[in-house]
Structure formats: C-alpha cells, structure tokens
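Participant: Below is the structure I would like to discuss, written out as structure tokens.
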Amino acid sequence: MSDVHFYDPLVGHGLPHDPFKAIVAPRVIGWISTRAANGRCNLAPYSFFGAFSTFPPMIGFSSESYKDSIRNIEETGEFVWNLTSKALAEQMNRTSAPVPPEVDEFELAGLTPVAGRNVSVPHVGESPAALECKLVHVAELHSLDGKPLDTWLAIGQVVGVHIQNAYLKDGRFDTLAAQPIMRAGYRGDYVEAGAMFELIRPKA
C-alpha cells in the first residue's frame with residue numbers, strides 16, 4: 001500500500017476538496033487596480049499572482065474569465081499591484097464582490113485612490129507598497145490539446161514603485177512589518193507572513 005495519494009487532474013482527485021490551490025500556497029495576492037478607457041477605476045484581488053523577472057522587474061496575474069481588469073489593461077496598457085496587508089484584509093475582500101463595471105471598488109471598500117507617477121492608474125493609498133506597471137503581454141491560456149481556457153494571463157513591467165517610509169528599515173523593505181497576507185488554498189483560507197530566516201546562496 002502506497003503512502004502517497006496520486007491523481008491525474010483530468011480523472012479527478014478523489015478527495016472532498018481539490019487540493020491544488022492548497023499545495024501551491026501560500027500565494028501573494030494580486031490586488032490589481034486598473035482604469036478603463038473611459039476613466040472608470042477598478043480594483044480587484046486575484047489568487048494567481050507572481051514576480052517573473054528582476055531586470056527589468058516584471059510581475060503578472062491571471063484571471064479565470066475575461067474580467068474588467070483584463071479588459072481595462074488591454075484598453076490602457078497599464079495596471080498597479082497593491083500589497084494586501086493584514087490591516088487591509090477586509091477591504092480587499094470587499095473588492096472581490098461581483099459588482100457591475102460602473103461601481104468604483106475604491107469607494108466601495110473605503111480606500112484612498114492615489115494618482116500614479118508613471119501610469120494613469122491610481123494605487124491604494126493605505127497599502128504599504130504598490131508597483132506601477134506597463135503592459136508587456138496579455139495571453140489567453142490553452143490546455144495541452146490547444147483548447148482555449150478563458151483564463152487570461154497579464155504580464156507587466158514595473159515602471160514605478162511606491163513604498164511607505166514606515167516600512168523601510170536600514171534601507172530594506174520590512175516585509176514582516178508590512179504584514180502581507182496570502183492565499184492558502186481552500187475557500188476563505190489566508191495566511192500572514194510568519195518568522196523569516198536567511199539562507200545565503202552558495203558560491204560556485
């Protein structure tokens with residue numbers, strides 16, 4: 001008898017709940033602000049988010065269906081990522097509500113929109129840090145058989161960085177002080193940053 005549970009996702013996991021998102025965790029939240037071509041602002045959290053390049057810095061997120069964020073980014077070529085701290089968890093959650101496009105999530109969640117420096121998109125004034133981005137690429141993902149998935153990946157190059165001075169310590173961003181929260185798998189599961197430790201990469 002094997003001590004490993006193996007499954008093929010196309011066949012089914014055979015468990016009460018799909019473990020995929022719990023295994024690929026914790027994940028930094030893609031709290032993305034955008035502006036439509038008509039000037040309307042949007043703010044929404046995405047579970048799938050990551051950083052993909054250092055020089056130049058690039059980040060990306062994916063949307064499972066063609067939502068306002070992707071549409072706005074394609075219209076204007078800009079977006080901003082906002083760090084979701086523990087103190088902003090409730091406001092972030094409010095911005096996940098399925099509201100009509102004309103609803104301003106900044107107003108809905110009681111957040112302060114702050115004008116960008118290098119983009120026209122505002123960022124969350126209460127967030128410890130925000131990354132202004134210019135669009136590099138939007139792609140609809142496809143499965144192995146070439147079937148389109150209605151899952152959209154947006155990659156942006158960071159063109160501006162906002163950091164509240166309270167979170168800079170000895171010239172370094174204090175991640176623990178910022179208290180970022182992350183998705184941790186099942187519906188409603190989040191974790192906050194815990195103890196940090198250091199490992200220095202070995203030299204060749």
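The values are calculated or read from the model by the stated rules, or taken from the named source; none is laboratory data. All of these numbers come straight from a predicted model, not from anything done at the bench. In this analysis, Cβ positions are derived from the backbone assuming ideal geometry, glycine residues included, and neighbour counts consider all displayed protein chains.
Participant: Within region 179-193, can you find the residues that are outside any strand (DSSP E or B) and in contact (Cβ under 8 Å) with a residue 24 or more places away in the chain? Walk me through how you get there before you give the answer.
Facilitator: Our first condition is that a residue be outside any strand (DSSP E or B); within region 179-193, this holds for 179, 184-189, 193.
Hits for region 179-193 are Gln179, Ala184, Gly185, Tyr186, Asp189.
Participant: Still on this structure, I have one more. Just a yes or no: is a residue in region 65-80 assigned to a strand (DSSP E or B), without any contact (Cβ under 8 Å) to a residue 60 or more places away in the chain and hydrophobic (A, V, I, L, M, F, W, C)?
Facilitator: yes
Participant: For region 94-107, indicate whether the set of residues that are in a loop (DSSP other than H, G, I, E, B), surrounded by fewer than 14 Cβ atoms within 10 Å (Cβ to Cβ) and of a type in the set (Asp, Glu) is non-empty.
Facilitator: yes
Participant: Scan region 51-75 residue by residue and report those that are within 22 Å of Pro148 (Cβ to Cβ) and of a type in the set (Gly, Ala, Ser).
Facilitator: Gly60, Ser62, Ser63, Ser65, Ser69
Participant: What residue, among those in region 17-48 that are among the hydroxyl-bearing types (Ser, Thr, Tyr) and touching a residue at least 40 places away in the same chain (Cβ under 8 Å), is surrounded by the most Cβ atoms within 10 Å (Cβ to Cβ)? Please lay out each step first, then the result.
Facilitator: Initial filter on region 17-48 (among the hydroxyl-bearing types (Ser, Thr, Tyr)): 33-34, 46-47.
Of the ones still in play, those that are also touching a residue at least 40 places away in the same chain (Cβ under 8 Å) are 33-34, 47.
On the way: Ser33: 30, Thr34: 26, Ser47: 19.
The extreme case among them is Ser33.
Participant: Restrict the check to region 142-153 and report whether at least one residue is modelled with pLDDT of 95 or more, crowded, with 18+ Cβ neighbours inside 10 Å and over 30 Å from Ala195 (Cβ atoms).
Facilitator: Filtering region 142-153 down to residues modelled with pLDDT of 95 or more leaves 142-153.
In the following step, the residues that additionally are crowded, with 18+ Cβ neighbours inside 10 Å were identified as 152.
From the residues that got through so far, the ones that are over 30 Å from Ala195 (Cβ atoms) too are 152.
The answer is yes; a qualifying residue exists.
Participant: Any chance you could count how many residues in region 178-202 are farther than 26 Å from Lys21 by Cα and either of a type in the set (Gly, Ala, Ser) or modelled with pLDDT of 85 or more (or both)?
Facilitator: Residues flagged as farther than 26 Å from Lys21 by Cα and either of a type in the set (Gly, Ala, Ser) or modelled with pLDDT of 85 or more (or both) within region 178-202 amount to 2.
Participant: Scan Gly77, Gly60, Gly14 and give me the residue that is loosely packed, with under 14 Cβ neighbours inside 10 Å, modelled with pLDDT of 95 or more and of a type outside the set (Ser, Thr, Tyr).
Facilitator: Numbers: Gly77 fails: loosely packed, with under 14 Cβ neighbours inside 10 Å; Gly60 fails: loosely packed, with under 14 Cβ neighbours inside 10 Å.
Being loosely packed, with under 14 Cβ neighbours inside 10 Å, modelled with pLDDT of 95 or more and of a type outside the set (Ser, Thr, Tyr) holds for just one of Gly77, Gly60, Gly14, which is Gly14.
Participant: Same structure again: Among the numbered criteria (1) surrounded by fewer than 18 Cβ atoms within 10 Å (Cβ to Cβ); (2) without any contact (Cβ under 8 Å) to a residue 24 or more places away in the chain; (3) farther than 17 Å from Gly160 by Cα; (4) under 13 Å from the mean Cα position of the chain (by Cα), which one does Ala51 miss?
Facilitator: It fails just one condition, (3).
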